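Asks: Sharing a structure with you now.
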Amino acid sequence: MSHVFRSAGSAISDGGLIFEDALPLLWLPQPLAAGSELARLNADNHQLLGAESSLDEVRLNDVLKDESPALLQELQRLEFKLNILLRLTAQVAMQNEALPPRCMVRLTAKGLEWEGAEEAPVGATGLLKLYINAALPQPLSLPCLVVAERHGAASRVAQMRFVGVSEVVADLLEKLIFRHHRRLIAVSKHATA
């Protein structure tokens, strides 16, 4: 899976990092969420991004640096087992409900560009379901407005702006993008070393 990061400069961003990858995505045309429905979506997205963050970050060494090596090793072993259990649970969940097809996306905290978005015309509103981690078969559910389009070499690219996403969720999206950026740099440094 390749990740590409660059400074953003489109209708969906403010010049920050962009996370680009092929991710499972589903578009549901509908009126924008409001009121209690929007609050529920933000709460669910907050919980999902928090879970994704906890899977991604290993803080045992920092928290337990003064503890015994045996305790640290045991906790790392338990964390490894928990990660395996989560992956197996995700696989079972995905067998019962197939994921939507993967599409090339460029994700920011404010919006998303989606390659091949033929069914999302400019001006349309809907709910974008985006699966951000294979270990978590639950998607982010993001209310969107299709604000622009462009035509790439092979397909149409819809530019979607998130509507009604809470500041907390936008902040967690920025952190998700930054973690992936940091991981890409670490892998790049390791490959050249």
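Asks: Between Leu32 and Leu78, take the C-beta separation as r, use R0 = 30 Å, and let me know the FRET efficiency to the nearest 0.05.
Replies: Between Leu32 and Leu78 the formula returns 0.10.
Asks: Work out, step by step, the length gained on full extension between Asp21 and Glu119: first 0.36 nm times the residue separation, then minus their alpha carbon distance; give nm to one decimal.
Replies: 33.3 nm
Asks: Label Ala191 and Glu174 with points 7 Å out from Cα along Cα→Cβ: what is the distance between them in nm?
Replies: 2.8 nm
Asks: Could you work out the local net charge near Cys144, counting Lys and Arg as +1, Asp and Glu as -1, over the other residues with Cβ closer than 11 Å to its Cβ?
Replies: +3
Asks: Here's a follow-up. Please give the length that would be gained between Ala154 and Arg182 if that part of the chain were fully extended, namely 0.36 nm times their separation in residues minus their C-alpha to C-alpha distance (nm, one decimal).
Replies: 7.1 nm
Asks: Right, here's the next one. At what distance in nm do the modelled label points of Ala70 and Arg102 sit from each other, each positioned 7 Å from its Cα along Cα→Cβ?
Replies: Computed distance between label sites Ala70 and Arg102 equals 4.4 nm.
Quick note: the coordinates plus some simple rules give every number you see, no bench work behind them. Fair warning: this is a prediction, and the values are worked out from it, not measured in the lab. When we count neighbours, we look across all protein chains shown, and the Cβ atoms used for this are built from the backbone with ideal geometry, even at glycine.
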